[in-house]
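Down below is the structure, laid out as structure tokens.
The values are calculated or read from the model by the stated rules, or taken from the named source; none is laboratory data. Small disclaimer: the values here were computed from a predicted structure and weren't measured. Here Cβ is always computed from backbone atoms with ideal geometry, including for glycine, and neighbour counts include all displayed protein chains.
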Amino acid sequence: MIVSWNWLKDYVTLDCDHITAAEKLMMSGLNLEEIEPKGDDFAIDLEVTSNRPDCLGHIGVARELTVLFDKTLNIPAAEIATSSEKTSAVTSVDNQSPEHCTQYQARIIRGVKVGPSPEWLRKRLETLGLRSVNNVVDVTNYVLLECGQPLHAFDLNRLDGKKIVVRQAKKGEKIQAIDGKAYELDEQMCVIADASNPVAIAGVMGGKETEVDESTTDLLIETANFAPLSVRRTARKLSLFSDSSFRFERGVDVRQIDWASRRCCELIVQVAGGEILEDSIRIGNFEPALPEGITLRFAQVPRILGINVPVETCREILKKLGLIEEEFQGESAIYSAPSWRADLTREADLIEEIARIYGYDQIPENDPPLVCATAKSDQDRTTDIVHHVFNAAGFYEAITMSFVSAELSAAFNPRGLETQLQVEHSSRKKDNQLRSSLIPSLLVSRRANERTGTSNAQLYEISRVFTGWTKEGAIQPLSVGCVTSQSFFELKGLLETLINTLNPQIRLEATACEATGYASGRVARLTLNGNDWGWLGELDRKVLDQAGLRDAVTAAEFELQPLIEILEQAPQAQAIPQFPAVERDFNFLINDEITWQQLSGTITKSGGPLFTGVEFVSEYRGKPIESGKKTYLARAAFRSAERTLTGEEVDAAHAQIVAKCEQELAAVLR
């Protein structure tokens, strides 16, 4: 935001020079970029953060100076004289899109003489780097730079039906803007139209057909409030940015709309003549209720800032900033924020205001900060374990973008989502979809490693994915994804190690399934104690070709929250066994539809008190085994904590397992 030093002095009388004032503003949060001489004036370039739209006008900056230098703010009264003819008799406003345009005000000025601007007006705009157009357009720009409220002047006689219709654009509808370019609109964009066609892109830019020129005699002055998200989307979709869209995206002061309208009309009559019609047409609530009061506990000020600020000083600062003290109770007070400070919503905001006005330089540089002992959250502890296990296995953590291409997103879609969330932005024409899986991003990173000579990069990532949308916003579960050239069973073993590290009592199972993006018959659904957790498998060659990868890739993806829930808070040390284990192999002939999970579950249930575990050894189909059958070779272990087992004890457990498998699975021991 560039401000004129001479212009600022219209609103606040200061006893200092422009450098002192600019440095004071910088120390209070408006970073000073540059001061450039402009004749007898100075252009001061300030960096205004997105939460301070009130400082996108000279009055807002002057208001800051009045607080910093304990001065009085002088705002023009914006008094206008009107004729007897009413505005409603000449024009009308139909707001068909109240969700995009919450307030709209229209005033009519008749009999203006459009021409060059007076020197004072032209000089003010040129100081800020704006070229003069004509006296009417210059006034709308002047008021915008004065108070931060965008305005637009229409040539009333060029409006079809001399009416305003606020509506959403029709698909394929086009408009030629005042920059001379034609833009194609869509149904999600809000436009200002007359009886037949769009005449302005709401909150962004006016149209060429109704712009004010030397032939204009009657004006319709628009002052409105457009929804920030609507303006932001439209500006980025069209790659069309303006001073108006910049301010609407950050929010305007609704209670200032009428003042800005009167101020604009006052100045137009002053520089271009004409008469203002009586009353104005106002659509929407121009005096919305102020937000609920904010409670400030004065003891929190020294706790957060580290310095003592007297209570009376705190109260005085907040009062100067325009906050209203609704109630004072000694140790605390309740404040309501002014309409131009929508960023003040909580106690910490008020403390920050006290700090920047009291002076950050009052905070000692060398005093050690207050440090409070904290404990890691369950999420932090879980992610630490994930990092440790994957790093120990030779995996590298990747941090990738949340956007992927539509083609790669559709090719890898194990969740089977019908629609994917996407953004429409001029900088993201290709990779514009919010990922529903981490695997596509990791494949892109793996390909980048291949290009630089690092083949078969083993990568993992912990990040959020976007799987849907609700009224509260996007559904964003925290997920873990990994890609490797290792085999299915090697990666499954890594996941088993992870689960065993988190909680040895949890059972991880992999059940064959089909999932978009994985090779058919080479993917399994992962469950923890029977609850869905994720996927593990070899990727489809089509997905690898889409990512530009040559070698086969095995990938796994699962959600982090189930791991947080199973985290064992206080793992107990287990004594090292003092007696050897005895292993027995079981080679069962079973029906083809029986899974390893069913077989291992039956063995585990029937193993008895000496049984310690079972592991998969091999699977076989083919001759001489008949069609529809297969064999599983399983290895079971038995151990006693008190003695070395005898052959008879193990034989008894072995026989018990065989009998149970024969009974429940019709298995035949070979």
Check your understanding: So Gly530 clears everything in (1) in contact (Cβ under 8 Å) with a residue 24 or more places away in the chain; (2) out of contact with any strand residue (DSSP E or B) (no Cβ under 7 Å at 6 or more places or on another chain) except one condition, right? Which one?
Key -> (1)
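Mind listing whichever residues of region 369-389 are assigned to a loop (DSSP other than H, G, I, E, B) and either farther than 16 Å from Ala570 by Cα or of a type in the set (A, V, I, L, M) (or both)? Steps first, please.
Taking region 369-389 as the starting set, the residues that turn out to be assigned to a loop (DSSP other than H, G, I, E, B) are 369-377.
Passing the criteria: Pro369, Leu370, Val371, Cys372, Ala373, Thr374, Ala375.
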Revision key, fill the gap. Restricted to region 282-317 and to residues being among the β-branched types (Val, Ile, Thr) and assigned to a loop (DSSP other than H, G, I, E, B), the residue surrounded by the fewest Cβ atoms within 10 Å (Cβ to Cβ) is Ile307
Practice item. Of all residues in region 50-75, count the ones that are buried (at least 18 other Cβ atoms within 10 Å of the Cβ), touching a residue at least 60 places away in the same chain (Cβ under 8 Å) and of a type in the set (Gly, Ala, Ser). Key: 2
Study note, to complete from the structure: Counted residues in region 323-336 being assigned to a strand (DSSP E or B), farther than 23 Å from Gly251 by Cα and not acidic (Asp, Glu) come to 4
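Take the conditions touching a residue at least 24 places away in the same chain (Cβ under 8 Å) and part of a strand (DSSP E or B) and apply them to Glu568. Does it pass?
Working: touching a residue at least 24 places away in the same chain (Cβ under 8 Å): yes; part of a strand (DSSP E or B): no.
The answer is no for Glu568.
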Revision key, fill the gap. Output for Cβ contacts, cut-off 8 Å, separation at least six or different chains, first residue more than 15 Å from Leu495 (Cβ to Cβ) and outside the structural domain of Thr484 (by TED's automatic domain parsing) in region 390-407, second at pLDDT 95 or above and part of a helix (DSSP H, G or I), reads none
Exercise for review: Looking for whichever is out of contact with any Lys or Arg (no Cβ under 6 Å at 6 or more places or on another chain), crowded, with 17+ Cβ neighbours inside 10 Å and farther than 30 Å from Ser239 by Cβ here; the options are Ser479, Ser463. Which one fits?
Suggested key: Ser479
Check your understanding: Out of region 337-368, which residues are assigned to a helix (DSSP H, G or I) and not aliphatic (A, V, I, L, M)?
Key -> Glu347, Asp349, Glu352, Glu353, Arg356, Tyr358, Tyr360, Asp361, Gln362
**Study point:** In region 307-341, the residues that are touching a residue at least 24 places away in the same chain (Cβ under 8 Å) and within 18 Å of Ser28 (Cα to Cα)
**Key:** Ile307, Val309, Thr313, Cys314, Ile317, Leu318, Lys320, Leu321, Gly322, Leu323, Trp340, Arg341
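I need the strands (runs of 3 or more DSSP E) fully contained in region 465-524, keeping only those with at least 2 residues that are assigned by TED's automatic domain parsing to the domain that holds Leu442 and not aliphatic (A, V, I, L, M). Lay out the reasoning, then the answer.
Values: elements: 468-470, 473-475, 478-484, 508-512.
It comes to 468-470, 478-484, 508-512.
Residues are listed down the side, and each one gets a yes or a no for (1) surrounded by fewer than 17 Cβ atoms within 10 Å (Cβ to Cβ); (2) at negative phi:
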residue: Gly613; (1), (2): yes, no
residue: Ile625; (1), (2): yes, yes
residue: Tyr632; (1), (2): no, yes
residue: Thr646; (1), (2): yes, yes
residue: Glu649; (1), (2): yes, yes
residue: Ala652; (1), (2): yes, yes
residue: Cys661; (1), (2): no, yes
residue: Leu669; (1), (2): yes, yes
Study note, to complete from the structure: By residue number, the members of region 234-254 that are in contact with a strand residue (DSSP E or B) (Cβ under 9 Å, 6 or more places away or on another chain) and part of a helix (DSSP H, G or I) are Thr234, Ala235, Arg236, Lys237, Leu238, Ser244, Ser245, Phe248, Val254
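For the structure I just gave you, tell me whether Asp343 is within 15 Å of Val301 (Cα to Cα), touching an Asp or Glu at 6+ places or on another chain (Cβ under 9 Å) and not assigned by TED's automatic domain parsing to the domain that holds Met27.
Details: within 15 Å of Val301 (Cα to Cα): no; touching an Asp or Glu at 6+ places or on another chain (Cβ under 9 Å): yes; not assigned by TED's automatic domain parsing to the domain that holds Met27: yes.
So Asp343 fails the test.
Would you mind stating whether Gly111 is in contact (Cβ under 8 Å) with a residue 24 or more places away in the chain, out of contact with any Leu (no Cβ under 9 Å at 6 or more places or on another chain) and of a type in the set (Gly, Ala, Ser)?
So Gly111 fits the description; yes.
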Check your understanding: Going by the structure shown, is Pro562 assigned by TED's automatic domain parsing to the domain that holds Asn503 and not acidic (Asp, Glu)?
Key -> yes
